[in-house]
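The values are calculated or read from the model by the stated rules, or taken from the named source; none is laboratory data. Note that the coordinates shown come from a computational prediction; the quantities given were computed from them, not determined experimentally. Here Cβ is always computed from backbone atoms with ideal geometry, including for glycine, and neighbour counts include all displayed protein chains. Ligands, DNA and RNA are excluded from the accessible area calculation, which covers all protein heavy atoms including side chains. Shrake-Rupley method; radii C 1.70, N 1.55, O 1.52, S 1.80 Å.
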Amino acid sequence: MAWWNSVPLEITYQVLGWTSFLSWTLGFYPQVILNFRRKSVVGMSFDFVVLNLTKHSSYLIYNASLFFSPTVQKQYYEKYGYGEMIPVAANDVAFSTHAVLVTALLLFQIVIYERGSQKVSKIAIAIVSAVWLFAAVCFFIALPSHSWLQLISIFSSIQVFMTVIKYIPQVFMNFKRKSTDGFSIGYILLDFFGALTSFLQMVVQSIDQGSLVNFYGNKGKMLLSLVSMSFDIIFMSQRFVLYPVKQPQVCPKLMEESRELLVECPDRPHSENI
C-alpha cells in the first residue's frame, strides 16, 4: 500500500476533493429550488433525470465497493501493484451517495409538480432497463470466480456511458425550444467547477506518486470529469450565447409618460394626486 510522499500535495489533494464534492453537491440545489419556486418542472428534461439516476447509482456502487471492501482493494493491488494508492477518496463516496438521494428528489418533483406535456421517453426507459439487465448478467458471471474488481469496473464503465448520453436530451430540448428557461444555469456552473477540481485532484495524486496508474486505474472518474466539462461548455454556450435570457423591454413612450407624471405630481393638490 502506497503512502503520500509530500504533505503539501496530500493537503492539496484533500482540499481539491472536498471542493469538488461541495461544488457538485450544491450544484443539484439550484434546479431543486427553481422547480419548487415555479411549482413546475417544465423545461427540465425528464430523460436527463432518469438517466442521471442510473449514472449516479452505478458510480455509487463502484466508489463504495472500492473504498470499503478489503476484497476489492486486494484485487486492485494484485492488478496494479501494491505500491499504488486506491484511486477513490472519501469525497467520491460522499458525493455519489448524495447524488443518488437528490436525483431521487428531482424525480419526486416530476411526479408532484406541473409537467405540461413532458414525459419520460421510451428510449430512456429502454436504455435504463437494458443497462440494469446487463449489470445483472455481469453479476452472475462474476459470482463463481468472485471477480469483484472486474464487476465494479463494469459499473464504472456504465456510469461513463450514462454520463455521455444523459446530457443529450437536455441539450436537444434547449435546441428545440430555443430556450434554456426551466433549466438552472447554477447547476451547470457548479457542475463545471466540480468536474475541474475533481480532475485536478487526480493530477495532484499522479504528481505525488510519479505515476499515471490512478488515471487508467479509475477511468470512470477521469472520463466523468472530462465529459461533464465538455457538456457544461455546451450548456453555457446555449445559455449565454445561443439562447440568452431576454430582459423584458419597456415601451419608450410609456417610460416618457411615467417620467412626466412624476414631474407633475408635486405641483398638484394632494387630493388630485390620490
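Remark: the stretch 37-96 carries 36 Å² of accessible area per residue (probe radius 1.4 Å; ligands, DNA and RNA excluded). Plainly put, the stretch 4-105 has a radius of gyration that is 1.09 times its Kirkwood radius, both from alpha-carbon atoms, as the Rg/Rh ratio.
Per residue, the convex hull around the alpha carbon atoms of the chain comes to 181 Å³. Label zone of residue 206 (point 7 Å out along Cα→Cβ, amide N under 16 Å): in the stretch 1-40 this covers 13. Working from Cα pairs under 8 Å separated by at least six residues, relative contact order for the stretch 61-212 is 26 percent.
Dipole orientation for the chain: of the candidates 44, 61, 136, 136 has the Cα lying most toward the positive pole (charges on Cβ; Lys, Arg +1; Asp, Glu -1). Model label points for residue 226 and residue 69, set 7 angstrom from Cα along the Cα-to-Cβ axis, are 2.6 nm apart. Diffusion of the stretch 34-92 by Stokes-Einstein, at 10 °C in a medium of 1.306 mPa s and with Rh set to the Kirkwood radius over alpha-carbon pairs, works out to 112 µm²/s.
If you take the beta carbon distance between residue 26 and residue 4 as r and set R0 to 25 Å, what does 1/(1 + (r/R0)^6) give as a FRET efficiency, to the nearest 0.05? Approximately 0.35, to the nearest 0.05. Dividing the summed -39500 (n - 2.57) terms of all DSSP H runs of n ≥ 4 by the residue count of the chain sets its mean residue ellipticity at 222 nm at -24500 deg cm²/dmol.
For the residue pairs 122/221; 39/166; 176/221; 122/166; 55/178, the alpha carbons lie more than 22 Å apart in 122/221; 39/166; 176/221; 55/178. Ligands, DNA and RNA left out, the 1.4 Å accessible surface of the chain is 70% carbon and sulfur atoms.
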